[in-house]
Structures are given as structure tokens and as C-alpha cells.
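*Asks:* Please find one structure pasted underneath; my questions will follow.
The values are calculated or read from the model by the stated rules, or taken from the named source; none is laboratory data. Quantities reported herein were computed from a predicted structural model and do not represent experimental measurements. Note that we place each Cβ from the backbone using ideal geometry, even for glycine, and neighbour counts take in every protein chain shown.
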Amino acid sequence: MRFTISRAKAARLMAVFAVVALVAASCSSDDGGDTATTGGDAATTTAAAGGDAATTTAAAGGGTEVIKLAVLSECSGAFGAFHQQDMAGVGAAMAEYAGATITDPNDATAGWTGASVNGVPIELVGIGCGDDTADTAIEETRRLMEQLGADIMIGPLSGDESIAVANYAKDHPTQTFINGSAGAMDTTLEVQAPNFFRYNSDGAQWNAGTGDVAFNDLGWKTAAVIMDDYSFAWTSGAGFIAEFCAAGGEVTSRVFPPLNTTDYSSFVSQLPGPDEVDGYFWVVGGSGTLPALKAFEDAVGPVTPDQHMGNLFWEFAAGSMDPSMEGAYIGGFGTAGDLKLDSVAAHTAIIASHYDNLEPFGDAAAQANSGFLVNYFAASQALIEGLEKVGADISDGQVALQGALGGLQLAGPYGTTTLDGNRQAVQDQYVRQFVLLDDGTLGLSTVAVIPAVDQTFGGTFEQGNMPSRDVPGCEPSDLSWLGNATPVVDGVPQG
């Protein structure tokens, strides 16, 4: 069957990303959440950190009077369309676990009122507007943490941003940073900031299982990988490469289009032809996913489910792909909304109880298991649980809070998340597959679970050996989960 990206469907997806510009307008530095009020008996204490002031609003008699929270989301760039999902993840957790009232169920950026832990208010003092670049992320982080005096920040979304923020965190030890959904490996394994915590997996972990499927199920012996040229895509591609090569495959070509490329023809021309390689793994994200595939089709020929796989970005393009891609495998995003688990249903119900619509995608319940929303939700849930453990007292330079966060066992819709010694999540991972829905469009079905994948990817990576254009190499190795994934049938794990 020939794969042809539907012009109408592709146009609809492109329209979604056009909304990014409108979303960005609602997330300027003059955001309504930028002003924090404190009681008249509050005393502000400052601690020098790397030359900048870190502020904690504390009661004059000791303890904490108000906790100032900032969120760094994505208002523009390749992932700007997910801004509402990010903010809904934070807001829903505040409403569900900290007693908050959502301000507007159709606009998550409007924030909340009334959140508190142990009687201490949690106040949203600002929303940062990222654009998937490190420079903007740091500019916004400084605005939130230094100018607006936030004690804690949740975010960012994207890979290069998170590496920059983790390095910033090292210089600001009396403030706490909890990752939003960024998946670059360097953020925690290389930087190792003691006050930066990540309760989601990284991009390599998310692709556990894909190399095994390619080699053992699809029969690929050789593969080409095309990946955006930045830290997250390198990490995401690294998961497939490490596992495919561990199983005995050979990656013969790696191609790197810059993030936000619009014309992929020159990069597709660098790929080997279908008669030269058994398969292709795609790590092209955001607004580039469909144009990249269309460029391949125009220049080379059909994209078929037996010869092409994608990482998590294919999840968001499913509804715009041609039905001929039924059966194609994709990497996970740490989520699997089709699993028939009470915890998944409960999470979906939580989001639906606090939000109605999240533009530009619409129904909030339908977005409840998006990785962006789930990861920002988990970060916020972790913060609340950490604050509960220390009585919401962060007046000690947040030492106790940071200790509590590192030791959490966080129960979520997909099981329990623990952190390793670098404050990085260890989680189950999922392999998914396109299935044909009743309306003739493609949806997703989870086909396998790989339990408790750690960030070193079975010892493949370590500090000083981070994913890049050339890392990992391609060598056979022993990964414990190869051939041992837990099958999923009709949404039920069989193990």
C-alpha cells in the first residue's frame, strides 16, 4: 500500500501549529500571574547564589508564609501548541492534591486560586514562555526566579532548555527546579544538579523496546536514523540505536536536520535508498514530522509500516497519517492511555473534572494522557507530596524539601516512579503501534511494556558519554530486557 499524507489532514495539523503564534500572545512577560502578594508580617530573606539573589518568603517568626511557584512552559517554537497541556497538568494537580480552584476550565494559563499545603499558600507568580531554545529558557528562568522571586520552578518542556536550566540550578542551590517534560539525557546524568529533579523518563528510555522490535519482529538488519539536530533528538535516537545495535543490527546512516526545518528535501537526499537499508527510524518532531515524511515520499517513494518507525512525535501525527500506515510501530512517551488500568481511568477523570477544553486540540479528557500533560502533572504532584513531607516549610534554604523530593515514590497512572541517585526517573516504558479506528483514522495501541528502564540504558551511558551525533556507537551488547518485554493484549499487560 502506498502511504500518502492526506492534504486535508496535513493542512489541519499545520493549522494547529499556526495557533502557536496566538498562544504565544497569551504568555508574554506581562502575564497576569506575575504579581505575588504576601502578608504584612512576612519577612523576605535572600541568599547569594552565583551572584544572584534567591528569595524565600518566610514568616517573621520562622517557617514559611507563602510558597512562590513559577512554571516554564512552551509558548512558541516547535512545541508551542502544547502550552495549554503543560499548564493543565500543573493546574489539575494543584486542584486535586492542594485544594486549588481552577480559574478557567477552558484556559489553563489562567492558573488557579486557593492552593495550599499545611495551610501555606502556593502562589503562581509567573509563567515563562519558552521557544525550545536554551537562550530564551534562561532569560525566562532569570525573570521568574530573580525578578519575580519564585522559590520553585516547574519546567521546562524541551531538551536544550532543560540542560541550560539544570546548569542554572547548580548556581542557585536554595531554589528548587522540577523538570516539566524535557527528555535530554544530559540534563540529569551529565549536569547532576542536586536541586534539579526529573519525574519523567528521558528520550532514550522512552524508546526502549523499539530496537528489539525492529531487529527481532520486523527483521531489520540495517537501519538509517534521521533526527533533529539537538539534545533531545540525539537522546531519543540514542535509545533506538543502542538497542538495535545491542540486538545485532547495524545503523548505517545518521542524518540531522535542524529543529524547525521547513524543507526536508536536502536531508532526505542524504538517506540511503530503500534498497540499501532495511528500515528507517524517524526522530523529527513538532511541526516537522509530517513535512519530513512527505519529503521522503516525494523524493524516494512510499513510506510503509514495515520499513518505517518513529519516536514519540508520531503519536501526535497519528490522526493526520494515511490509514496505510496501520501496523507501524512507534516509541513511547512514558504514557499509554489505552491501558485498561484503574489508575489510567482515574487520571483521565481527574483532568476531565478540572478542565473542559484545551486549545488548540479541544476536549481536555482526550488529552489527559498526552506525555506533556502527564509529565507536568507528575512534577506538580511530586512537589505537593514533597511539601507535605516537610510541613510546607522551605525556610531552611529548601534543604529538607530537596531531600524529600529525592526520596519520593510517586504513584501515577502508569505505576510508581522512583528517582535514581541523580534525581532521574526510573519508569516502565511502552512500545505502541498504529491501529485503524472505526472512523477510518489511525489511533494507538500499546503492544509491549518494558519494566523499570533506568537512565543508563542498561549501562550504555554514563557521565562523560552523552548522546550526540556520534554517541552511541553501534556495538552488540547485553540489555536485560531484549526479548523479555511484557506483551500487552487489548490494553491488558500479560505479565
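*Asks:* Quick one: in the stretch 158-198, of everything that is part of a loop (DSSP other than H, G, I, E, B) and of a type in the set (Ser, Thr, Tyr), which residue is farthest from Gln455 (Cα to Cα)? Steps first, please.
*Replies:* First pass over the stretch 158-198, keeping only residues part of a loop (DSSP other than H, G, I, E, B): 158, 171-175, 179-185, 190-195.
With the extra rule that they be of a type in the set (Ser, Thr, Tyr), the set shrinks to 158, 174, 181.
Numbers: Ser158: 17, Thr174: 26, Ser181: 15 Å.
Once the filter is applied, the top-ranked residue is Thr174.
*Asks:* Quick check: anything in the stretch 119-137 within 22 Å of Gln398 (Cβ to Cβ), assigned to a helix (DSSP H, G or I), among the small types (Gly, Ala, Ser) and under 23 Å from the mean Cα position of the chain (by Cα)?
*Replies:* Checked against the condition, which is being within 22 Å of Gln398 (Cβ to Cβ), assigned to a helix (DSSP H, G or I), among the small types (Gly, Ala, Ser) and under 23 Å from the mean Cα position of the chain (by Cα), the stretch 119-137 yields at least one hit.
*Asks:* Consider the stretch 62-106. How many of its residues are within 19 Å of Tyr199 (Cα to Cα), among the hydroxyl-bearing types (Ser, Thr, Tyr) and surrounded by 23 or more Cβ atoms within 10 Å (Cβ to Cβ)?
*Replies:* Going through the stretch 62-106 one residue at a time, the tally reaches 1.
*Asks:* Counting only residues that are over 25 Å from the mean Cα position of the chain (by Cα) and in contact (Cβ under 8 Å) with a residue 60 or more places away in the chain, give me the strands (runs of 3 or more DSSP E) lying completely in the stretch 425-495 with at least 1 of them. If you could, list the steps in order and put the result at the bottom.
*Replies:* Numbers: elements: 425-436, 442-453, 486-489.
Strands (runs of 3 or more DSSP E) meeting the threshold: 425-436.
*Asks:* Further question: Going by what's in this entry, would Ser201 be described as assigned to a loop (DSSP other than H, G, I, E, B) and buried (at least 24 other Cβ atoms within 10 Å of the Cβ)?
*Replies:* yes
*Asks:* Would you say Leu442 is touching a strand residue (DSSP E or B) at 6+ places or on another chain (Cβ under 6 Å) and either crowded, with 20+ Cβ neighbours inside 10 Å or basic (Lys, Arg) (or both)? Lay out the reasoning, then the answer.
*Replies:* Details: touching a strand residue (DSSP E or B) at 6+ places or on another chain (Cβ under 6 Å): yes; either crowded, with 20+ Cβ neighbours inside 10 Å or basic (Lys, Arg) (or both): yes.
Criteria met by Leu442.
*Asks:* Would you be able to tell me the number of residues in the stretch 283-324 that are in a helix (DSSP H, G or I), touching a residue at least 40 places away in the same chain (Cβ under 8 Å) and either of a type in the set (S, T, N, Q) or assigned by TED's automatic domain parsing to the domain that holds Asp132 (or both)?
*Replies:* 3
*Asks:* Look at the stretch 153-203 and say how many of its residues are more than 12 Å from the chain's Cα centre (by Cα) and among the small types (Gly, Ala, Ser).
*Replies:* Residues meeting the conditions: 4.
*Asks:* Taking the stretch 346-388, which residues are farther than 14 Å from Glu96 by Cα, in a loop (DSSP other than H, G, I, E, B) and in contact (Cβ under 8 Å) with a residue 60 or more places away in the chain?
*Replies:* Selection gives Asp356, Glu359, Pro360, Phe361, Ala364, Ser370.
*Asks:* Being touching a strand residue (DSSP E or B) at 6+ places or on another chain (Cβ under 7 Å) and crowded, with 21+ Cβ neighbours inside 10 Å: is that true of Gly114 here?
*Replies:* Answer is no for this residue.
*Asks:* I've got another one for you. Among the listed residues Val435, Val471, Val492, identify the single one that is among the aliphatic types (A, V, I, L, M) and either in the same structural domain as Ser343 (by TED's automatic domain parsing) or loosely packed, with under 13 Cβ neighbours inside 10 Å (or both).
*Replies:* Val492
*Asks:* I need every pair where a residue in the stretch 270-282 that is in the same structural domain as Asp229 (by TED's automatic domain parsing) and surrounded by fewer than 19 Cβ atoms within 10 Å (Cβ to Cβ) has its Cβ under 7 Å from the Cβ of a residue that is among the polar types (S, T, N, Q) and part of a loop (DSSP other than H, G, I, E, B), sequence separation at least 6 or different chains.
*Replies:* Close Cβ pairs (under 7 Å, with a partner that is among the polar types (S, T, N, Q) and part of a loop (DSSP other than H, G, I, E, B)) amount to Pro274/Gln307.
*Asks:* Any chance you could count how many residues in the stretch 328-376 are surrounded by 19 or more Cβ atoms within 10 Å (Cβ to Cβ) and within 19 Å of the chain's Cα centre (by Cα)?
*Replies:* Counting residues in the stretch 328-376 that are surrounded by 19 or more Cβ atoms within 10 Å (Cβ to Cβ) and within 19 Å of the chain's Cα centre (by Cα) gives 23.
*Asks:* Go through the residues of the stretch 217-231 one by one and say whether even a single one is under 20 Å from Ala425 (Cβ atoms), over 17 Å from the mean Cα position of the chain (by Cα) and not in a strand (DSSP E or B).
*Replies:* no
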